[in-house]
1. How charged is the neighbourhood of GLN282? Take every other residue with its Cβ under 13 Å from the Cβ of GLN282, and add Lys/Arg as +1 and Asp/Glu as -1.
2. Any chance you could give the angle, 0 to 90 degrees and rounded to 10, that helix 313-336 forms with the longest Cα principal axis of the chain?
3. Given R₀ = 41 Å, what would the calculated FRET efficiency be for ALA34 paired with SER104, taking r from the Cβ atoms and rounding to 0.05?
4. When you take every Cα atom in region 20-107, what is the radius of gyration, and what is Dmax, the widest Cα pair distance, in Å?
5. Where both residues lie in the chain, what percent of DSSP beta bridges are antiparallel, nearest 5?
6. If we count every other residue with Cβ under 11 angstrom of MET1's Cβ, Lys/Arg +1 and Asp/Glu -1, where does the sum land?
7. When a/c is below 1.5 the answer is rounded, else prolate if a/b is larger than b/c, else oblate, so apply that to region 188-301 with a ≥ b ≥ c taken from the square roots of the Cα gyration tensor eigenvalues.
8. Please tell me the relative contact order of region 233-376 in percent, rounded to the nearest whole number, where contacts are Cα pairs under 8 Å and at least six residues apart.
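Coordinate-derived values only; no laboratory data. All values derive from a computational prediction rather than experimental measurement. Quick reminder, even Gly has a Cβ in these numbers, built from the backbone with ideal geometry, and neighbours come from all protein chains shown.
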Amino acid sequence: MPDHIADELAMFRQTLREFVSAEITPHALDWEEAGRLPRSLFARMGGLGYLGVRLSEASGGAGRDFRYTKILVEELVGSGSLGIAVSILAHAEFATKVVDRAGSDDLRKRFVAPAVRGELIGALGVTEPDAGSDVGAIRTRAVRDGDEYVVNGSKTFISNGNIADYVTTAVRTGEAGPRGISLVVIPTHTPGFTAAARLRKIGTHASDTAEIVFEDCRVPAANLVGDENGGFRLIMQGFEGERLVLSVMICAQMRLMFDAARRYGLERDVFGHPVLGFQAWQHRLADVLTTIEAAEALTERAVDLYVRGEEANSEISMAKLFSAEAAVGVAHDCAQIFGGSRYMEENLIARLQRDSLAFSVGAGTSEVMREIIARTNGLVPPRKAT
Ligand SMILES: Cc1cc2nc3c(=O)[nH]c(=O)nc-3n(C[C@H](O)[C@H](O)[C@H](O)COP(=O)(O)OP(=O)(O)OC[C@H]3O[C@@H](n4cnc5c(N)ncnc54)[C@H](O)[C@@H]3O)c2cc1C
């Protein structure tokens, strides 16, 4: 990497780290308690340019590559509240990147530019009560009526669902299966849109999660992103970035847990010496560190391919699969060194441990990652002719 880019990345990290420690970390527990982020945080981060890192300059973004997003994710996770990172990235990346990439100038002006400034908050609505991994089976229907679509259906597990101003929504506009799906931006003030009660989760509490319902929602046809019935491909392309965000998030979270365990192991005395005086604990944390570095190496390789615009579906899926599966064991090992305080609500490690359980599901489950790896690496035998 040329020196000037390395310097720029280092500077970006430094200023972001100062911002997170001054304006996010002190409020993390309050936002965990509230179950949502305040709108003022989006406005503040938008004002500082942090919400448009990877969005186009035409939309007011910085037009940077994924290496900047990686730093954004890592530093937000450093606040100790994964939910904060989830909510911000659901807005800036998951809901908005696809509109910036494939939407019209008009959509960019009406939704992406205000999202970059933090004036509007976005959510991505794909999952439904009866269709999660199988995106091709979604049933929320959008029927064309003149210059509008009339949308009926529901979505679930939607991050930012209660606080969003728009939901980039997967709808069925055509035949059954993946070829009949479109993406439409639905403003949440549209009559017929309801965000049902906030879903109560076991972790990532600062991130609001909702079930949402569309009842005869009339949306301008101009809110279609890309081509009608071309949504499935856009969603799958978007998933690559989302899974990479998740891999980075998981690695950063594992580092945080390791650092906390190491610190405690050096400070806490048992039987007259620090816990880490036991070789059993030295070896256990050595294994943890090796696992984290393996996950980081897979993630770094995937980021590198992605930034260079090369095919990276398999590598991204491997990074997400390995990190997500490793995080559960890493969380357990790192928490165990705390003894009884691992189970106390006020202990950071308790929260980190709980938050780790979402990793094997969000942005595609581990089983779906294995499917992609199998498919892209010649592990699926061709069907025999009958
Ligand atoms: C905290 C959180 C935030 C989320 N945020 C969003 C969001 O913002 N927007 C959004 O649209 N969605 C969101 N989701 C939903 C998430 O993407 C889905 O939960 C996920 O895709 C799985 O779908 P599902 O829950 O319907 O499980 P299902 O698809 O019903 O899967 C059930 C089980 O079957 C397994 N399975 C599926 N396919 C295969 C296969 N081919 N082989 C073997 N096993 C298989 C799955 O791995 C799983 O174990 C969020 C979820 C969580 C937990």
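1. Working: positive: ARG262, ARG284; negative: ASP287, ASP333.
With Lys, Arg at +1 and Asp, Glu at -1, the net is 0.
2. Helix 313-336 sits roughly 40 degrees off the main axis of the chain.
3. Numbers: r = 36 Å, r/R0 = 0.87.
Calculated value: 0.70.
4. Rg, Dmax (Cα atoms, Å): 13.3, 39.
5. On the way: 30 of 35 bridges.
The answer is about 85 percent antiparallel.
6. Working: positive: ARG67; negative: ASP3, ASP7, GLU8, ASP304.
Counting the neighbours of MET1, the net charge comes to -3.
7. Values: a/c = 5.90, a/b = 2.26, b/c = 2.62.
Oblate, because a/c is 1.5 or more while a/b does not exceed b/c.
8. Working: 157 pairs, mean separation 46.6, N = 144.
With pairs under 8 Å counted, the relative contact order is 32 percent.
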